[in-house]
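Notes follow the structure.
The values are calculated or read from the model by the stated rules, or taken from the named source; none is laboratory data. Only a predicted model underlies this, so the values are computations on that prediction, with no experimental measurement involved. Note that each Cβ is placed from the backbone with ideal geometry, even for glycine, and that neighbours are counted across all protein chains shown.
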Amino acid sequence: MLNAIDKKILETVADIHDVPQGAYNIRKNGKGESRKTTKNIDIVTKTDKPGIDVIIKSNTKNESVHVPVILSATGLTDVVYNSFFVGENCDVVIVAGCGIHNSGCAKTQHDGIHDFHVGKNSHVKYIEKHYGEGEGTGG
């Protein structure tokens, strides 16, 4: 369930103001929060390590996929391995990003390790934003 802080973070890092059109995968505090796929974009949870595979079919045009991460728990370290497989003749937008709200004194961190496999004649626009906030009481 997304609260007001989560929604603010999604607006900041992924320009999500409501449920996105198209495919998305929202990760919150180290776990999948919500996901939607389309007929052209599939999102599959990795079985060997934390992360996802985003598979975009050949000839997909004018579609986007959002894969933001929200961290709102203090003292959490989150690592994901995301792979993007874009077929041939595609024109797509991938929106990633991480927003952290840390209201405590312990370190909170997210590391996203991404690899991209882009097919012939495809165009990919990749947008990634990072945002951090808290009460300013950390050590």
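Observations on the model:
- Every residue from region 94-127 that is surrounded by fewer than 18 Cβ atoms within 10 Å (Cβ to Cβ), closer than 23 Å to Pro50 by Cα and not acidic (Asp, Glu): Ala106, Lys107, Gln109, Ile113, His114, Phe116, His117, Val118, Tyr126, Ile127
- Filter pass, Ile56 being out of contact with any Leu (no Cβ under 7 Å at 6 or more places or on another chain), buried (at least 21 other Cβ atoms within 10 Å of the Cβ) and within 17 Å of Asn102 (Cβ to Cβ): no
- Consider region 39-69 and keep the residues that are among the small types (Gly, Ala, Ser) and closer than 26 Å to Ile9 by Cβ. The one that is nearest to the chain's Cα centre (by Cα) is Gly51.
- Annotation note: Cβ proximity below 8 Å between a residue of region 91-104 that is closer than 18 Å to Asp15 by Cβ and a residue that is modelled with pLDDT of 95 or more and among the basic types (Lys, Arg) (sequence gap 6+ or interchain) occurs for Val92/Lys61; Val92/Lys125; Val93/Lys125; Ile94/Lys125.
- Some residue of region 69-90 being at pLDDT 95 or above, small (Gly, Ala, Ser) and not in a strand (DSSP E or B): yes
Residues are listed down the side, and each one gets a yes or a no for (1) more than 13 Å from the chain's Cα centre (by Cα); (2) hydroxyl-bearing (Ser, Thr, Tyr); (3) closer than 26 Å to Lys39 by Cβ:
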| site | (1), (2), (3) |
| --- | --- |
| Leu71 | no, no, no |
| Val86 | yes, no, yes |
| Gly99 | no, no, no |
| His114 | no, no, yes |
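- Residue count for region 111-125 satisfying the condition of being small (Gly, Ala, Ser) and part of a strand (DSSP E or B): 1.
- Output for region 30-57, where each listed residue is more than 30 Å from Thr74 (Cα to Cα) and either in a strand (DSSP E or B) or out of contact with any strand residue (DSSP E or B) (no Cβ under 9 Å at 6 or more places or on another chain) (or both): Lys39, Ile41, Asp42, Ile55, Ile56
- Of the criteria (1) surrounded by 15 or more Cβ atoms within 10 Å (Cβ to Cβ); (2) assigned to a strand (DSSP E or B), which one His130 fails: (1)
- Residue pairs meeting the criteria (Cβ under 8 Å; at least 6 apart or on separate chains; first more than 12 Å from Val65 (Cβ to Cβ), in region 12-32; second of a type outside the set (Ser, Thr, Tyr) and modelled with pLDDT under 85): Lys28/Leu2
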